[in-house]
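See structure below.
The values are calculated or read from the model by the stated rules, or taken from the named source; none is laboratory data. Quick caveat: nothing in here was measured; it's all calculated off a predicted structure. Because the Cβ atoms are built from the backbone with ideal geometry, glycine has one as well, and the counts that use them run over all protein chains shown. Just the protein is used for accessible areas: all its heavy atoms, side chains included, with ligands, DNA and RNA removed. Shrake-Rupley method; radii C 1.70, N 1.55, O 1.52, S 1.80 Å.
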Amino acid sequence: MKNNLIYSLTYNLLAQLPESFKLSGSSNPTKLCHVLYLLFLSLFATACSKDVYLFTSFHEPATDGLRMLHSTDGYHWKDLNKILLKPTSGSQKVMRDPSIVQGNDGTFHLVWTSSWRGDLGFGYANSKDLIHWSEQQFIKVMEHEPTTINVWAPELFFDKSTKQFTIIWASCIPNRFEKGIEDENNNHRMYFTQTADFKTFTVTKLLLDPKFSVIDAVIVERKKEDFILILKDNTRPNRNIKVAFGKTPTGDFTNVSAPFTKNFTEGPSVVKVGNEWLIYYDSYQDKTYGAMKTTDFEKFTDISKQISIPEGHKHGTIFKVKKRILNALLQK
């Protein structure tokens, strides 16, 4: 249907052109139309297949549901200004920290924080187009630890070579770890589970104990056997963002760096643009959004003045999609 429309438009356009504009020596307008049709079809396919960026989002108090920003360059973002999925799972039924990753079959998988406290798991749903969603599920990952206070900011990582999804999150289990400066009800560590189908999951394990309260971690694969964990040091008065290094998506992550953001920053979101990694973060005390760029995760340059983020945006994850996916979302 779409190809027939393009052909018809091409033929009608050709009929409007003056004879002098048509191909020299061509006495067959149908042949000329076919050439132009193939050209337009190629241009149309290129435009639809171009990658763009999406940034999952929510607005406080997180009761409305999944929002998204979109960008063509990874620096300047616009809001879709629509709710794509309203949360129904969990005790509080909110949607915070939405994380999306796409599997090899094209399915988008979404996880999110479903409650501030009390939940022993997180929300989950999937979609082929980000418009039509599966039935929401509540995935219990900490029920073996009944004193767990919370399950915060689940984050997805997909390993294309093993076809395994790794899900990481922060939980607080009072009196489990070295107390440090934090209250026992705010002394978080990072945990993980893995799955290939979101039906069966590996036993929950500890991902990171840096000897301080840690939340909001994101896994980045730099190259084979070279992974970065971007994390928030949640201890007072720090509350800033650091990195650690490991050989697999599940660690062991070591050599935790000095902070590369100021205090009162959280929710790192990472995207590679060209040869540079951009790390967005929520500067929540200032009620602004900031970003750093790096090529090696050792030296960081502040690019906060080079980005634009719509007001009200709260942190999620950044991922690439074909432009046709974004076009469908804009038309929804």
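Can you give the angle from 0 to 90° between the axis of helix 29-49 and the longest principal axis of the chain, with both taken from C-alpha atoms, to the nearest 10?
Its long axis makes an angle of about 10 degrees.
Comparing TYR191, TYR284, TYR53, which has the greatest mean-square fluctuation in the GNM of the chain with Cα pairs linked when under 10 Å apart?
Highest fluctuation of the listed residues: TYR284.
Peptides 321-331, 294-304, 120-130, 89-99: what's the order by average Cβ count within 10 Å, highest mean first?
On the way: 321-331: 15.5, 294-304: 13.9, 120-130: 20.4, 89-99: 22.3.
Sorting 321-331, 294-304, 120-130, 89-99 by mean packing, highest first, produces 89-99, 120-130, 321-331, 294-304.
Could you calculate, for the chain, the ratio of the Cα radius of gyration to the Kirkwood radius, expressed as Rg to Rh?
1.08
How much mean residue ellipticity at 222 nm does the chain get from its helices, if each DSSP H run of length 4 or more adds -39500 (n - 2.57) and you divide by all residues, to the nearest 500 deg cm²/dmol? Working shown, then result.
Values: 3 runs with 45 residues, N = 332.
Rounded to the nearest 500, it is -4500 deg cm²/dmol.
Residues of the range 63-99 with the amide nitrogen closer than 15 Å to a label point 7 Å from the Cα of LYS320, along Cα-to-Cβ, please.
71-75
Starting from the residue with the highest accessible area, list GLU178, GLU145 in decreasing order, probe 1.4 Å.
On the way: GLU178 115, GLU145 40 Å².
Accessible-area ranking of GLU178, GLU145, largest first: GLU178, GLU145.
Do any of LYS78/LYS272; LYS78/LYS287; LYS82/LYS262; LYS242/LYS322; LYS163/LYS205 go past 21 Å between their Cα atoms, and which? Show your work: numbers first, answer last.
On the way: LYS78/LYS272 19 Å; LYS78/LYS287 18 Å; LYS82/LYS262 32 Å; LYS242/LYS322 31 Å; LYS163/LYS205 19 Å.
Going by Cα-Cα distance, LYS82/LYS262; LYS242/LYS322 fall outside the 21 Å limit.
How far is it, in nm, from the label point at ASP296 to the one at VAL203 when both lie 7 Å from their Cα along the line to the Cβ?
4.1 nm
Over the range 208-310, what is the relative contact order in percent, taking alpha-carbon pairs closer than 8 angstrom and at least six residues apart? Working shown, then result.
On the way: 220 pairs, mean separation 17.5, N = 103.
In percent, rounded to a whole number, it is 17.
Among ASN240, ASN187, ASN255, which one shows the biggest mean-square fluctuation in a GNM of the chain, springs joining Cα atoms closer than 10 Å?
With Cα springs under 10 Å in the chain, the top fluctuation among ASN240, ASN187, ASN255 is at ASN255.
Whole Å is fine, so just give me how far the alpha carbon centre of the range 152-179 lies from that of the range 211-233.
10 Å
Under 8 Å for C-alpha pairs, at least 6 residues apart: give me the relative contact order for the chain, rounded to a whole percent.
Values: 767 pairs, mean separation 47.4, N = 332.
The value is 14 percent.
For the range 194-252, which trypsin sites (Lys or Arg not before Pro) are in a loop by DSSP, counting at most 16 other Cβ atoms within 10 Å? Don't skip to the answer; put the middle values down first.
Values: sites: LYS199, LYS205, LYS211, ARG222, LYS223, LYS224, LYS232, ARG239, LYS242, LYS247; in loops: LYS199, LYS211, LYS224, ARG239, LYS247.
Loop-located and lightly packed - LYS199, LYS211, LYS224, LYS247.
With an 8 Å Cα cut-off and a minimum separation of 6 or more residues, compute the relative contact order for the range 114-263 in percent. Write down the numbers at each step before the final one.
Working: 342 pairs, mean separation 21.8, N = 150.
Relative contact order of the range 114-263: 15 percent.
In square angstrom, what is the accessible area per residue of the chain with a 1.4 angstrom probe? Please report the intermediate quantities before stating the final value.
On the way: 16320 Å² over 332 residues.
Ligands and nucleic acids excluded, the figure is 49 Å² per residue.
Which residue, GLY267, GLY312, GLY65, has the most motion in a Gaussian network model of the chain that connects Cα atoms within less than 10 Å?
Evaluated over the chain, the most mobile residue of the options is GLY312.
Which length gain, in nm to one decimal place, applies between LYS332 and LYS247 when the Cα-Cα distance is subtracted from 0.36 nm times their residue separation? If you can, show how the numbers build up before the last one.
Numbers: separation 85, 0.36 × 85 = 30.60 nm, distance 4.15 nm.
So the extension gain works out to 26.4 nm.
In debye, nearest 20: dipole of the chain around its Cα centre with unit charges on the Cβ of K, R (+) and D, E (-)? Please report the intermediate quantities before stating the final value.
Numbers: 41 positive and 35 negative charges, 182 e Å.
For the chain, the charge dipole is close to 880 debye.
Which length gain, in nm to one decimal place, applies between SER161 and ARG176 when the Cα-Cα distance is subtracted from 0.36 nm times their residue separation? List each step's numbers first, then the result.
Numbers: separation 15, 0.36 × 15 = 5.40 nm, distance 3.49 nm.
1.9 nm is the gain from fully extending SER161 to ARG176.
Relative to the longest principal axis of the chain, what angle (0 to 90°, nearest 10) does the C-alpha long axis of helix 2-16 take?
Helix 2-16 and the main axis of the chain meet at about 40 degrees.
Can you pull the accessible area of TYR75 for me, 1.4 Å probe, Å² to the nearest 10?
40 Å²
How large, in percent, is the carbon and sulfur part of the accessible surface of the chain at a probe radius of 1.4 Å?
On the way: 8520 of 16320 Å².
With neighbouring chains kept in place, the figure for the chain is 52 percent.
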